[in-house]
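> Below are the structure tokens for one structure; questions will follow.
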Amino acid sequence: MPYKDPEKRRAYQREWVAKRRTEWFDANGPCVDCGTWGNTKNKLELDHEDPSTKIAHTIWSWAKERREKELKKCVIRCHSCHMNKTIQYGRVNKRRRILGHYTSQYVGVSWDSAAGKYRAYIYKDGKQYYLGKFNLEKEAAMAYQKAKEMLYPKEE
Ligand SMILES: [Zn+2]
């Protein structure tokens, strides 16, 4: 390291780490889910294929061999997609801490964490009709749509 001043040395290291990180993202991006290259509000992040493994920021200062070995197990996701995936993983694993209050983007669909499936239901005259459990959120949404057409034929 060419700097004797520890403050300068840290600044140099930060810069060097940031550069290495940026280069890797440039070479390996974009987000695998939505294809974004990221921006200041939604940055690209490392996502480890094993969600229980957290990638420490220090990975960029690791020796090349060790770093590349770990980076091979990662994909790139933007912050938004990373969060979605983390929430999903939390749901599947019933990790309530991450789970929070998940509600589906679809009307009439909710996540049943005990069953690990999506539940569809519809209300009619103040009564809830249970439409079944589905592996896919979309399937549950379709079941809701079908029920809606039957129960509310005049509505769009
Ligand atoms: Zn994304």
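> Could you look through region 24-52, keep only residues that are exposed (fewer than 11 other Cβ atoms within 10 Å of the Cβ) and more than 10 Å from the ligand (Cβ to nearest atom), and pick out the one that is nearest to VAL75 (Cα to Cα)? Talk me through it step by step, then tell me what you get.
Pass one, region 24-52, residues exposed (fewer than 11 other Cβ atoms within 10 Å of the Cβ): 27, 35, 39-41, 49-50, 52.
So of that shortlist, the ones also more than 10 Å from the ligand (Cβ to nearest atom) come out as 27, 39-41, 49-50, 52.
Numbers: ALA27: 12, ASN39: 18, THR40: 19, LYS41: 19, GLU49: 7, ASP50: 11, SER52: 14 Å.
Selected residue: GLU49.
> So, one more: Kindly evaluate ARG119 against the criterion of being at pLDDT 85 or above, within 16 Å of the ligand (Cβ to nearest atom) and not aromatic (Phe, Trp, Tyr).
It is false that ARG119 is at pLDDT 85 or above, within 16 Å of the ligand (Cβ to nearest atom) and not aromatic (Phe, Trp, Tyr).
> Which of the residues belonging to region 85-112 are surrounded by 13 or more Cβ atoms within 10 Å (Cβ to Cβ) and either at pLDDT 75 or above or on the phi > 0 side of the Ramachandran plot (or both)?
LYS85, TYR106, GLY108, VAL109, SER110, TRP111, ASP112
> I've got another one for you. Of all residues in region 61-85, which are closer than 29 Å to ARG9 by Cα and within 9 Å of the ligand (Cβ to nearest atom)?
none
Conditions tested, residue by residue: (1) part of a loop (DSSP other than H, G, I, E, B); (2) touching a strand residue (DSSP E or B) at 6+ places or on another chain (Cβ under 6 Å); (3) in contact (Cβ under 8 Å) with a residue 12 or more places away in the chain.
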| site | (1), (2), (3) |
| --- | --- |
| GLU23 | no, no, no |
| THR40 | yes, no, no |
| ILE59 | no, no, yes |
| VAL75 | no, yes, yes |
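The values are calculated or read from the model by the stated rules, or taken from the named source; none is laboratory data. Values in this document were obtained by computation on a predicted structure and should not be read as measured data. All Cβ positions, glycine included, derive from the backbone under ideal geometry; neighbour counts span all protein chains shown.
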